[in-house]
Every structure is written in structure tokens, then in C-alpha cells.
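Shown next, in C-alpha cells, is the structure this report addresses.
The values are calculated or read from the model by the stated rules, or taken from the named source; none is laboratory data. Owing to the predicted nature of the structure, the values given are computational and were not obtained by experimental measurement. Quick reminder, even Gly has a Cβ in these numbers, built from the backbone with ideal geometry, and neighbours come from all protein chains shown.
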């Protein structure tokens, strides 16, 4: 399959396509820019954030509303990329998209596709304004999914809705944030000032298409996009998400930052699934330390996310949620 070959080439020869910029550090969060060398074909697409703002995309509940699916309609004449871990607000409840999805360009009639989601607000099943009949949703501009939900979503082929609710509740307890509807997004909203302090210290650089992220020198994730324009659009959102994660860790006085060398790892494909016009490819290193997901179409990479998964094989989401709920973020 052409898409798998493209992904394997990138993972095995990462340095041929990308280079790392100068690390940027604030407190215990380090972000290293990933800069494209221009060796890959750059696909033409627009992010769902931009498409929505331009009135080219609308997200809404299905005619027969379901917890685990929403409707996305596009009138864009270019592909619309929905990255992994996109938060959707409003509708009947806030949701989260765990896998990347590509809506193809349309030249005439709008294209409507059903996208799989999970609920992150267990206590609401009605419009925010009661009686309004408003079933539209908005892409959250400020954040994506927190760390444990991201990494567990990479590991698990199927995330049970009940387990996602358990993890969302654990985050609320862990950050000492209350929500009448058990809404995970309340954590981000309540911690916005502390997160803002971090974000002000990170800037994108020319040609940047992604970043490697570290907390206390520990590798947290590598995320990149198919074009600098797309990265520029999501850079602050990515920084905000990892800044919230950084609040959970006490700052170490000294630490080293080392980017994983993908070329030294042996990756295996776990699963390839059609997601709209693209292929969502799940993969992992054979030593089990890194998991990832990419979205490719033909010879182009649109999106890539790689992260360590430090859970034990026997751990369930509920067990991890229980442990997390017993901890509190560090005060830096």
C-alpha cells in the first residue's frame, strides 16, 4: 500500500525529510521545532479550524443523534484535515475525535460524512441553551486531548465510552476542578491563566511543520503536519495542551533532552483504516515503547503523532483513572 510505504520511509529516514530547530524551554516544558527540508510532497489541504471559520465546514449532531458519532459537512474545494484529538464543543454534549480524518475536496455539492467521536461530558444530553434546538458544534480553538487520553487512544484500537468518562472524571478530580456536567474541558478553562504563562514563551520558526515535546526532559510526543501553514494554525493549541500536562509535574532543576532516533527503531503497522479520503495508520515500535498514528493519502503525509505509552499491559483505563484521581498537579 502506497500510504504505508510513505509512512515507513519517513519513520526510517526521518532526518532526510526533517531537521530539529533550537529547543525552546519554559519552566519544565521544552518544545523543539521540527522543520521541513522540502523533500516531501506537500499536500493541498485546509485544517478544520480554518474551514469552520471561513464557513466551509459545519459540525452538528446526526439527524438521529448518537453519543459516538457526529456529522461533518464540507463545501471546501480542497481536502479538509481533522487531526487526531480534536475537541468539539456544544451540540448535545462536548466530544473528542481520537483519530485523524480527511474530508475530500468538493467541486459542486457539499460532502457530508459521519465521524466517530467519544463524549467527554457525561452529564449533558441537551443543547447548552435549552429550547434553542441548536445542534451545531464548534471546534475548540484552545486545546486538544490531555496526555493519558492521547496515549491510551494510540494503544487501544477501541476506546469504550464508559472508560473515557472515567478518565475525564479523574482529570477533574486530579486538577481539583468541579463541573456540574463532568465536562473535561472545564479543566482547560479553569487553568487558562497558568497555561497562558507557558504559551507566551514559545514561538514558531520559519518552515516549521511540527514539534517534539518534553516535560522535565522526558519525551512526551512528536506531532507534525503536512505543511507549515497547518502547523502555524495549531501551534498555540498544541502548546496549550502540553502546558496543562506540564502543570502535573514538579520541575526538575536539571535535565537533558534527547529526541528519539526513529531510524534506530523497528516499527510495525498495527492497523490501517480508511478515514474519509485518507488512511489512518496505527503503528508502534517493536519494543513497545512508542505508539503512533498517521494520516496519509497516496504519496503524501498529512498528519503524524507519536508518543510513549508507559501503561502496563494489564492496566485498564478505569485503574489508571483511579490512580490519577489520587494525585494533584504540582505548583511550579
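Quick notes on this one:
- Candidates 84, 76 - the one that is in contact with a helix residue (DSSP H, G or I) (Cβ under 6 Å, 6 or more places away or on another chain) and either outside any strand (DSSP E or B) or free of Cβ contacts under 8 Å to residues at least 24 places away in the same chain (or both): 76
- Matching helices (runs of 4 or more DSSP H) fully within segment 179-263 where at least 2 residues are under 26 Å from residue 285 (Cα atoms) and at pLDDT 90 or above: 228-246
- Restricting attention to segment 119-137 and to residues that are buried (at least 21 other Cβ atoms within 10 Å of the Cβ) and in a strand (DSSP E or B), the residue that is modelled with the lowest pLDDT turns out to be 137.
- Meets criteria (crowded, with 16+ Cβ neighbours inside 10 Å and not in a loop (DSSP other than H, G, I, E, B)) for residue 52: yes
- The set of residues in segment 62-73 being surrounded by fewer than 21 Cβ atoms within 10 Å (Cβ to Cβ) and in contact (Cβ under 8 Å) with a residue 12 or more places away in the chain consists of 62, 65, 67, 68, 69, 71, 73.
- Positions within segment 29-45 being more than 16 Å from residue 304 (Cα to Cα) and buried (at least 24 other Cβ atoms within 10 Å of the Cβ), in sequence order: 29, 30, 31
- For the residues 254, 250, 203, the requirement of being free of Cβ contacts under 8 Å to residues at least 40 places away in the same chain and surrounded by fewer than 16 Cβ atoms within 10 Å (Cβ to Cβ) singles out 254.
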